[in-house]
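**Student:** Shown below is the structure under consideration.
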Amino acid sequence: MDGYGTSTRKSLLIGVGTVALTLAYVWAVGAADEGGGGYGLGRMATDEEIRAWNIDVSPTGEGLPPGQGTAKQGAQVFAAKCAMCHGPTGKEGPKDRLVGGQGTLTTGKPIKTIGSYWPYATTLYDFINRAMPFNAPGSLNPDEIYSVIAWLLFQNGIVKEDAVIDARTLPQVQMPNRNGFIPDPRPDVPGK
Amino acid sequence: MGEGLLNMSRRRFLVHSASMMALGAATLALPKAHAEEPKAPEDPMRVPGALPRPYGERSPFIKSSRVGGAGPGAPHGWGANAPNNFNSWTPLQDLHGIVTPSALHFERHHNGVPLIDPSRHRLLIHGLVKRPMIFTVDDLERLPASSRLAFLECSGNSHDLWLHVNPDFTVQDTHGLTSTSEWTGVKLSTLLEAVGVQRGASWMLAEGSDAAGMDRSVPLTHEVLEEAMICYGQNGEALRPEQGFPLRLLIPGYEGNINIKWLRRLKFGTAPFMTREETSKYTDLMPDGKAYQFSLVMEAKSVITSPSGQQQIQPGFQEIRGLAWSGRGRVTKAEVSVDGGRTWQLARLQEPVLPKCHTRFLWPWRWNGQETILQSRCTDETGYVQPTRQELVKVRGNNSVFHYNAIQSWRVDRDGRIWNIYA
């Protein structure tokens, strides 16, 4: 599961420059009438379009925007935007518990939180940016997202309170359960 | 049994009515027809019937409905919980054959069903491709079309049964997060030819345009490249909004969540993107604290849908009916036990028997009025046999949440009432 490439940046290079784009477009449309899978349907995406839609963040940090935040700033964001569902300290709910739970995965009542279960810190950016807060997804700016991530990592004992979380530091955060996952070994249960 | 079923639906109907009244005008989900019993003429041969209508409705006498729920541990129903319901379960006990009516297809969404104008919807394909491209829904509908029947099952189907057995549960409650449709769309391979996927691309991120921006990484296995589709059709018409209108990904045999609905983007890369759903959610925690990841195939499973939980049977002839399915291919065998698994009878498989599709099985039974336990188990074309609960739990423990596919047991009591049990 390691070895994340820089696929998007490479592929973006292909499309850079109007000339290259135009040539590629002409080539694609031209190919359409010559078989080879081309049906003359669909059109080339522009760099600008790709940039606007390309919101995912990979474990390498690819996709992380400029901006930064600390736990101190994040406490305010969390109180204002997140605590209503996740509780004042991220432990109370009523929705997903985000803090604590370390050491519970082998017990009868495992508590799967960011600190006890999530293998990659970058997932926090990908998810919060696209899906949170629940009642206004996509409304937090990068500084707010980095801040609230810093606060959540601090609450889970993963980073220090003054740690600055940004595009460079977030992919370097070592999550406690980073090695807690194994590839699907099924079929693993012998039937009759 | 007919009477028992009628009582069941009447009870559900009363529950619905009560919750409608409680919520007042805020609840618009149920049609007004539910509020009153239809009045049929004494003799339908003496009164001219109704005229054609633009979009058909079922008989007002048929009340079969999905049941809603919020997720693990939360009660099922449409009452006060309704605002938290992001699941709905298919009433398998009421269905015939193998196709699930689109209006009764189970639902799982993560921040509601988006309302999407198809004329403004686009699919972007980019990443490790030679030609990043944008397709309109119209573009996709014009490309060579493909249709197939396939089941979709939420990997959380039957999740309650990992931890406890609720005796009052119906088969809708225990197994209702699976449905079968005929899906129509463009093969993924057709689009990959158009964009020219580059060497080294081994994973594909699929992303939806709902408020959750649902995203999952798909391994580009031979099977996925052969079978995955971008669908716009379901059971002969456009996808239902709950099923991803106007576009959804379909990977036959794979867990429901990865069949991204409201699909807006496919991005090719060399490694999984490690999204929230494939790390913190749809992973299977084992007793040693490790979790299976990318456990995508839905393994073979079967269940008796009739008679099933909370139904009432009478002594005498009782055809046992059920569904079997496997994400690895065709069901080759379904067996029924009417003595709690001591002996097994070969059930008849109703044609068509299709790969990665619900298969209907039937076995004629005569209930002698004695208490007993009904079970079914299936075998698929790989030779995989559906395990007992003991066999499953022995390997995976009780905290897996996902991919529960053990043999289901229904207890028939002396009064002919059916109960959900472990056996």
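The values are calculated or read from the model by the stated rules, or taken from the named source; none is laboratory data. Here the structure is a predicted model, which means the values were calculated and not measured. All Cβ positions, glycine included, derive from the backbone under ideal geometry; neighbour counts span all protein chains shown.
**Student:** Looking at (1) within 13 Å of another protein chain (Cβ to nearest Cβ); (2) in a loop (DSSP other than H, G, I, E, B); (3) over 15 Å from the mean Cα position of the chain (by Cα), which is the only condition A:Ile182 fails?
**Tutor:** Going through the list (1) within 13 Å of another protein chain (Cβ to nearest Cβ); (2) in a loop (DSSP other than H, G, I, E, B); (3) over 15 Å from the mean Cα position of the chain (by Cα), A:Ile182 breaks only (2).
**Student:** What do you reckon, is B:Ser119 loosely packed, with under 15 Cβ neighbours inside 10 Å and either not polar (S, T, N, Q) or not in a helix (DSSP H, G or I) (or both)?
**Tutor:** Yes.
**Student:** Scan A:Gly100, A:Gly108 and give me the residue that is at pLDDT 95 or above and surrounded by 15 or more Cβ atoms within 10 Å (Cβ to Cβ).
**Tutor:** Being at pLDDT 95 or above and surrounded by 15 or more Cβ atoms within 10 Å (Cβ to Cβ) holds for just one of A:Gly100, A:Gly108, which is A:Gly100.
**Student:** Now a separate question. Output the residue which, of all residues in segment B:247-273 that are farther than 26 Å from B:Gln234 by Cα and surrounded by fewer than 24 Cβ atoms within 10 Å (Cβ to Cβ), is farthest from the other protein chains (Cβ to nearest Cβ). Spell out how you get there, then give the answer.
**Tutor:** From segment B:247-273, those farther than 26 Å from B:Gln234 by Cα are B:268-273; that's our starting set.
Narrowing the set further to residues that are surrounded by fewer than 24 Cβ atoms within 10 Å (Cβ to Cβ) leaves B:270-272.
Working: B:Thr270: 4, B:Ala271: 5, B:Pro272: 6 Å.
Ranking the qualifying residues of segment B:247-273, first place goes to B:Pro272.
**Student:** Would you pick out the residues in segment B:218-249 that are under 15 Å from B:Arg108 (Cα atoms) and in a strand (DSSP E or B)?
**Tutor:** Passing the criteria: B:Arg248, B:Leu249.
**Student:** Okay, moving on. Within 13 Å of chain A (Cβ to nearest Cβ) and at positive phi: which single residue out of B:Gly244, B:Gly289 fits that description?
**Tutor:** B:Gly289
**Student:** Still on this structure, please answer the following. Could you look through segment B:193-217, keep only residues that are of a type in the set (D, E, K, R) and not in a strand (DSSP E or B), and pick out the one that is farthest from the other protein chains (Cβ to nearest Cβ)?
**Tutor:** Checked segment B:193-217; the qualifying residue farthest from the other protein chains (Cβ to nearest Cβ) is B:Arg199.
**Student:** Can A:Thr123 be described as in a helix (DSSP H, G or I), hydroxyl-bearing (Ser, Thr, Tyr) and either in the same structural domain as A:Val148 (by TED's automatic domain parsing) or within 24 Å of B:Ala291 (Cα to Cα) (or both)?
**Tutor:** Here the answer is yes, as A:Thr123 does meet what is asked.
**Student:** Okay, next question. Does segment A:160-176 contain at least one residue that is within 10 Å of chain B (Cβ to nearest Cβ) and crowded, with 17+ Cβ neighbours inside 10 Å?
**Tutor:** So far as segment A:160-176 goes, yes, one or more of its residues are within 10 Å of chain B (Cβ to nearest Cβ) and crowded, with 17+ Cβ neighbours inside 10 Å.
**Student:** Could I ask something else about it? Any residue at all in segment A:140-147 that is out of contact with any Lys or Arg (no Cβ under 6 Å at 6 or more places or on another chain), assigned to a loop (DSSP other than H, G, I, E, B), more than 10 Å from every other protein chain (Cβ to nearest Cβ) and surrounded by fewer than 23 Cβ atoms within 10 Å (Cβ to Cβ)?
**Tutor:** The answer is yes; a qualifying residue exists.
**Student:** Right, something else. Restricted to segment A:153-192, and to residues that are among the aliphatic types (A, V, I, L, M) and free of Cβ contacts under 8 Å to residues at least 40 places away in the same chain, which residue is nearest to A:Asp126 (Cα to Cα)?
**Tutor:** Ranking the qualifying residues of segment A:153-192, first place goes to A:Ile182.
**Student:** Moving on. Going through B:Leu149, B:Leu163, B:Leu177 one at a time, which residue ends up being under 30 Å from B:Met286 (Cβ atoms), more than 14 Å from chain A (Cβ to nearest Cβ) and under 22 Å from the mean Cα position of the chain (by Cα)?
**Tutor:** B:Leu177
**Student:** Yes or no: segment B:138-149 includes at least one residue that is surrounded by 21 or more Cβ atoms within 10 Å (Cβ to Cβ), in contact with a Gly (Cβ under 8 Å, 6 or more places away or on another chain) and farther than 30 Å from B:Glu319 by Cβ.
**Tutor:** Checking segment B:138-149: at least one residue is surrounded by 21 or more Cβ atoms within 10 Å (Cβ to Cβ), in contact with a Gly (Cβ under 8 Å, 6 or more places away or on another chain) and farther than 30 Å from B:Glu319 by Cβ.
**Student:** Looking for whichever is away from chain A (no Cβ under 14 Å) and not basic (Lys, Arg) here; the options are B:Phe361, B:Phe402. Which one fits? Steps first, please.
**Tutor:** Numbers: B:Phe402 fails: away from chain A (no Cβ under 14 Å).
The match here is B:Phe361.
**Student:** To continue, here is another question. Listed residues B:Arg142, B:Arg199; which is at pLDDT below 95 and farther than 21 Å from B:Leu323 by Cβ?
**Tutor:** The conditions single out B:Arg199.
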